[in-house]
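Right, one structure below, let's go through it.
The values are calculated or read from the model by the stated rules, or taken from the named source; none is laboratory data. Keep in mind the model is a prediction, meaning the values are calculated, not measured. Each accessible area value is taken on the protein alone, full model and side chains, heavy atoms only, with ligands, DNA and RNA left out. Shrake-Rupley method; radii C 1.70, N 1.55, O 1.52, S 1.80 Å.
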Amino acid sequence: MQALICAKFGMPETLHLCEIPTPIPGPKQVLVMVEACGVNFPDTLIIQDKYQFKPELPFSPGGELVGKVIVCGKEVSDFQVGDYVLGLSGWGGMAEKALVDEDRVFALPKDIPAETAAATLYTYATSLYALKDRGGLKSGETLLVLGAGGGIGLAAVELGKLMGAKVIAAASSVDKLAAAKAKGADLTIDYTEEDLKTRIKELTDGEGVDVVLDPVGGSYTEQALRGMAWGGRYLVVGFAQGEIPKMPMNLPLLKGCSIVGVFWGNFSRKEADKNRENLNQLMNWISEGKIQKPVVSKYSLKEAPKALRAMMDRKLVGKAVVVLN
Ligand SMILES: NC(=O)c1ccc[n+]([C@@H]2O[C@H](COP(=O)([O-])OP(=O)(O)OC[C@H]3O[C@@H](n4cnc5c(N)ncnc54)[C@H](OP(=O)(O)O)[C@@H]3O)[C@@H](O)[C@H]2O)c1
């Protein structure tokens, strides 16, 4: 079978397409014929050996794959050949076939196309967990989303609106802010042109925002924390800018606010039932049309390094998906 292979850690350009033997599932694994694989920021880290999960070389990146089960391991009880599924495999998805542990496989309704599922579930599940379970976002509150034109960001904008919040989207370009507007953002800030803290205060009549969802980190974090309202919740989701910020601890004291960590991967393992509930909720919202069609750039398996490069260069608006066949 064909697979995009990471044979040594490095940049996307070091990945190459090659023919490898089809893997054989272990007793509690399934083999999936991949139809689509979402491109996520952790894919850019895992190929550089900068992520918390470290697969052995050689491996294929791609942790969010969608397709049909073609072989089941001897002890698999919840799935059978032909099932249409989402696999949250960590890696291995940028290949024609991929192994997924049974407990990381989720049945998908047939009415959700593979591209949509692969472009939606990982980022929306992270943002839903962040806003609902970690942030306790309430209707009528104000939500600020950083990196609002990216995968996690656009999901947070749309879910924030669905949960009844007033949403301020912050991002680095006109295109990204337009995408956030199309997902329902009420107000926008271009943080490469405007001072983030000053604009937050201007847009909230000096009150600040109740919840911040931050997948970017770096220099924006302290400005956003300074723009929080009394009793706010600051959701730490990621550090796409590359720098892990260090905060003056008087800020949460003065604002009576919480800084809350969000680690969806561990939540999905440690609180698997709650995660399944969230995924089912998302699938229902997709089927009911409450979540719009995702903003997707499509790539073939051969072109997948270009998708990873665009993500690393901050050029991607919305999600990239690798489409097979
Ligand atoms: N905590 C969790 O459970 C969890 C789960 C999934 C992902 N994450 C993390 O969340 C972060 C965002 O993931 P994503 O899928 O939304 O990625 P994405 O689609 O690439 O979006 C990230 C955004 O970060 C901003 N950014 C600022 N500086 C950047 C830089 N130097 N390089 C790249 N992007 C930069 C960009 O927006 P602007 O150009 O508008 O600034 C970009 O749109 C990643 O760090 C990822 O590892 C965390």
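For segment 77-174, which semi-axes, largest first and in whole Å, follow from the square roots of 5 times the eigenvalues of its Cα gyration tensor? Mind dumping the intermediate values first?
On the way: eigenvalues 187, 47, 27 Å².
Equivalent-ellipsoid dimensions as semi-axes: 31, 15, 12 Å.
For F263, the accessible area of its heavy atoms, probed at 1.4 Å with every protein chain present, is near 80 square angstrom.
Could you work out the helix-only [θ] at 222 nm for the chain, with each DSSP H run of four or more residues adding -39,500 (n - 2.57) and the total divided by the number of residues, to the nearest 500 deg cm²/dmol? Numbers along the way, then the final one.
Values: 10 runs with 95 residues, N = 325.
It lands at -8500 deg cm²/dmol.
Using only alpha carbons, segment 206-325 has a radius of gyration to Kirkwood radius ratio (Rg to Rh) of 1.04.
For segment 13-137, dividing the convex hull volume of the Cα atoms by the residue count gives 127 Å³ per residue. Taken along its principal axes, the alpha carbon cloud of the chain reaches lengths of 60, 37, 33 Å, longest axis first.
Annotated for segment 37-145: lysine pairs at least 8 residues apart or interchain, Cα distance under 27 Å, count 10.
For segment 122-265, what relative contact order do you get, as a whole percent, if you take Cα pairs closer than 8 Å and at least 6 residues apart? Could the numbers behind the result be given before it?
Numbers: 310 pairs, mean separation 32.2, N = 144.
Once normalised by length, the contact order is 22 percent.
D83 sits with roughly 40 Å² accessible to a 1.4 Å probe, with DNA, RNA and ligands left out of the calculation. For a straight C-alpha distance cut-off of 17 angstrom, the aspartates and glutamates reachable from K166 (same-chain residues fewer than eight places away being disregarded) are E141, E158, D186, E202, D205, E207, D210, D214.
To one decimal place, what orientation-averaged projected area in nm² is obtained for the convex hull of the Cα set of segment 226-281? Kindly include the intermediate steps, with their values, before the conclusion.
Working: hull surface 21.7 nm².
For the Cα atoms of segment 226-281, the hull's average projected area reads 5.4 nm².
Based on the Cα gyration tensor of segment 108-147, what are the three equivalent ellipsoid semi-axes, each the root of five times an eigenvalue, rounded to whole Å and given largest first? Numbers along the way, then the final one.
Details: eigenvalues 131, 25, 16 Å².
After diagonalising the Cα gyration tensor, the semi-axes are 26, 11, 9 Å.
Per residue, the chain exposes 43 Å² of solvent-accessible protein surface, assessed with a 1.4 angstrom probe and all protein chains in place.
Give the distance, in whole Å, between the Cα centre of segment 1-44 and the Cα centre of segment 217-277. Measuring centre to centre over Cα atoms gives 31 Å. Kirkwood radius, segment 122-265, all distinct C-alpha pairs, inverse of mean reciprocal distance: 14.4 Å.
The alpha carbon centroids of segment 284-323 and segment 141-156 are separated by 16 Å. Accessible surface for W91 stands near 90 Å², nearest 10, in the context of the full protein assembly shown (1.4 Å probe).
Based on the convex hull around the alpha carbon atoms, segment 190-253 presents an average projected area of 4.2 nm².
Counting only lysines at least 8 places from K255 when in the same chain, those with an alpha carbon closer than 18 Å to its own are K197, K201, K246.
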